[in-house]
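The values are calculated or read from the model by the stated rules, or taken from the named source; none is laboratory data. Just so we're clear, the structure is a prediction, and the values are computed from it rather than from any experiment. Virtual Cβ from ideal backbone geometry, glycine too; neighbours counted across all protein chains shown.
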Amino acid sequence: MKDNPAFAGQKELLGHPIGLFILFLTEMWERFSYYGMRAILVLYLVSTTAGDNPGLGWTEGDAYALYGWYTMFVYVASIPGGILADKFLGQKKAVYLGGIFLCLGHGILAIEAPWAFYTGLLLIVLGVGCLKPNISTMVGGLYPKGDQRRDMGFYIFYMGINLGAAISAIAVGYVGENIGWHYGFGMAGIGMVIGQLTYMWGQKYLTHVGNLVVAEDGKELDRPSLILDIFKHKNSLTGFLITASLSAYVWISAGWSYGALVLGIAFAVGIGIVIYNDGNKIEKDRILVTYLSFLIIIVFWGSFEQAGGLLNVYAKNKTNLSLGGFDVPASWFQSVNAIFILVFATLVGMFWGWWKTRGRESSSLFKMAIGVVIMGWGFLFMSQASMEVTYDAAGEILNKSGMHWLVLAYLFHTIGELCASPVALSFITKLAPERWVAFMMGAYFAATGLGNKVAGLLGEWSGSLGEFKIFTGIAVFCTIFGILVILIIKPLKRLTHGAEDDIIKDLEAEGFDLAD
Ligand code: GLU
Ligand code: ASP
């Protein structure tokens, strides 16, 4: 495999293709700009319009609603972004285009005007959609089929993501909160420009990856038409109609936007069943498990992504931020998760390695379920924190909670993330039939997007229910949900038909050619 001519001249650094470090730096700066912007977005929205550093003066509910919709679209845009790359541009050019959208988007956010605000957000949605899924695919493409170094390559890349996220919340957060929100957004933009320049400079190391693949015989794969086929089969039509009628109800009770969202989900349900119908018996079982893992992903990110919304505002308004005379910017807490990842990733990886050698249950599904439970427990610290906050008769805050609660919450969130997130994407690529892998990757990011929307919704509900109930509710729900998955792990594993045991032998025995 190493003698594959495409990989022959590949220059290496520290035992990996140099291209990996170009993609590492590009994604590090891209995440610097995304997480930097995200760290101050909600704080900017809820800051009063008067004062030294005026914000938009939105209510918290409105801010969480925008946060939910926006971060949802950022990830859902991966689906058209992936299709654009697969069909028209190839990943390399799509990443290039995404980078340009992002430089413009973050740059425009630095301008203080309403048109600039919404234009900037829209460009960021388009930019992340073109860049994020495709740059990940390119990382995989750097290694020939079966190359043992690939997992390590993804691990290094993941460290780049979190290095970017860690430094950005500190830098952009400090500048945004203390000097001016728009300077913060501008700083995120500068980060993206550095990322784009690095990517442009590094093209010579990426000549063989991310190019548009044209089928040799010019024929398209024989696959069902996703939307039209919904209406051709009884089961897909029923699934679609039931969810669509629910959407009518939501439309009337909660407004057109949520109705449209559920209608979108109705199409997703229909398409999901069309893909299920397309599989043979073993594939059908595996597709079912893939869908369950999407549900786990939605629950996981729906809870976790409170970080940039509710937990961010909680840090700002209800946490005692003074540390020996220094006021810690609330947005700095946005880097705690990423710093913990850099510190604990290896340890958690080693733990699971040790666990496996002892012959214990170590399937991806088990790790994902444990991840949900541990992450959920993080919210118990926040329940404790919210009990410490006291108010006077007029509703003004008398006593704020300590910073250590947030740090402990993020510690558990991180350990949970390190169990669930690194295995989730590769699990899906192992389970999905090969002709559907690219689609399922997009669906994975879309599920993340839906999780982000759920996070925004929970933030909105905190207004009427209060933080204590929301935090405790998330902890209880995640624990029950995780335990339920663990209880049915045996039958679930049977449905995977050994996909995780020996993927290459197994799938190739079924007649699939495992492409990269
Ligand atoms: N935080 C990670 C990133 O920004 C993972 C997000 C996800 O997988 O949904 O890349
Ligand atoms: N931990 C997130 C992503 O892995 C980054 C963040 O939320 O700051 O990798």
Residue pairs meeting the criteria (Cβ under 9 Å; at least 6 apart or on separate chains; first basic (Lys, Arg), in the stretch 147-160; second within 13 Å of ligand 1 (Cβ to nearest atom) and modelled with pLDDT of 85 or more): Arg150/Val139
First in the stretch 297-308 and under 12 Å from Met368 (Cβ atoms), second anywhere and away from ligand 2 (no atom under 13 Å from the Cβ) and hydroxyl-bearing (Ser, Thr, Tyr), Cβ under 9 Å, 6 or more apart: Ile297/Tyr444
Residue match in the stretch 132-140 (condition: within 14 Å of ligand 1 (Cβ to nearest atom) and touching a strand residue (DSSP E or B) at 6+ places or on another chain (Cβ under 8 Å)): no
Checking Asp229 against (1) in a loop (DSSP other than H, G, I, E, B); (2) free of Cβ contacts under 8 Å to residues at least 60 places away in the same chain, the condition it does not meet: (1)
The stretch 71-96, residues that are within 16 Å of ligand 2 (Cβ to nearest atom) and within 14 Å of Ser136 (Cα to Cα): Tyr75, Ser78
Subset of the stretch 315-330 (residues that are more than 16 Å from ligand 2 (Cβ to nearest atom) and either within 18 Å of Trp377 (Cα to Cα) or in contact with a Leu (Cβ under 9 Å, 6 or more places away or on another chain) (or both)): Lys316, Thr319, Asp327, Val328
Options Ala420, Ala369, Ala409, Ala385: the member that is surrounded by 23 or more Cβ atoms within 10 Å (Cβ to Cβ) and either within 13 Å of ligand 1 (Cβ to nearest atom) or among the hydroxyl-bearing types (Ser, Thr, Tyr) (or both): Ala420
Filter pass, Ser322 being on the phi < 0 side of the Ramachandran plot and without any contact (Cβ under 8 Å) to a residue 40 or more places away in the chain: yes
Odd one out for Met192, checked against (1) farther than 21 Å from Leu43 by Cβ; (2) modelled with pLDDT of 95 or more; (3) within 16 Å of ligand 1 (Cβ to nearest atom): (1)
Of all residues in the stretch 406-433 being away from ligand 2 (no atom under 16 Å from the Cβ) and touching a residue at least 40 places away in the same chain (Cβ under 8 Å), the one that is farthest from Met375 (Cα to Cα): Pro433
Count - residues of the stretch 122-151 that are aliphatic (A, V, I, L, M) and more than 20 Å from the chain's Cα centre (by Cα): 1
The listed residue being at pLDDT 85 or above, aromatic (Phe, Trp, Tyr) and over 30 Å from Lys400 (Cα atoms), out of Phe481, Phe468: Phe481
Identity of the residue in the stretch 450-480, among the polar types (S, T, N, Q) and crowded, with 19+ Cβ neighbours inside 10 Å, that ends up nearest to Gly68 (Cα to Cα): Asn452
Which listed residue, of Gly189, Gly176, Gly129, Gly184, is touching a Cys at 6+ places or on another chain (Cβ under 7 Å), within 18 Å of Trp29 (Cβ to Cβ) and touching a residue at least 40 places away in the same chain (Cβ under 8 Å): Gly189
The stretch 233-247, residues that are small (Gly, Ala, Ser), touching a helix residue (DSSP H, G or I) at 6+ places or on another chain (Cβ under 8 Å) and farther than 22 Å from Glu460 by Cα: Ser236, Gly239, Ala244
The stretch 264-292, residues that are closer than 18 Å to Val76 by Cβ and either among the small types (Gly, Ala, Ser) or not in a helix (DSSP H, G or I) (or both): Gly264, Ala266, Ala268, Gly270, Gly272
Pairs with Cβ under 7 Å, 6+ apart, first in the stretch 39-53 and within 12 Å of Ala65 (Cα to Cα), second of a type in the set (S, T, N, Q) and part of a helix (DSSP H, G or I): Val42/Asn312
Filter pass, Val336 being surrounded by fewer than 14 Cβ atoms within 10 Å (Cβ to Cβ), within 15 Å of ligand 2 (Cβ to nearest atom) and not small (Gly, Ala, Ser): no
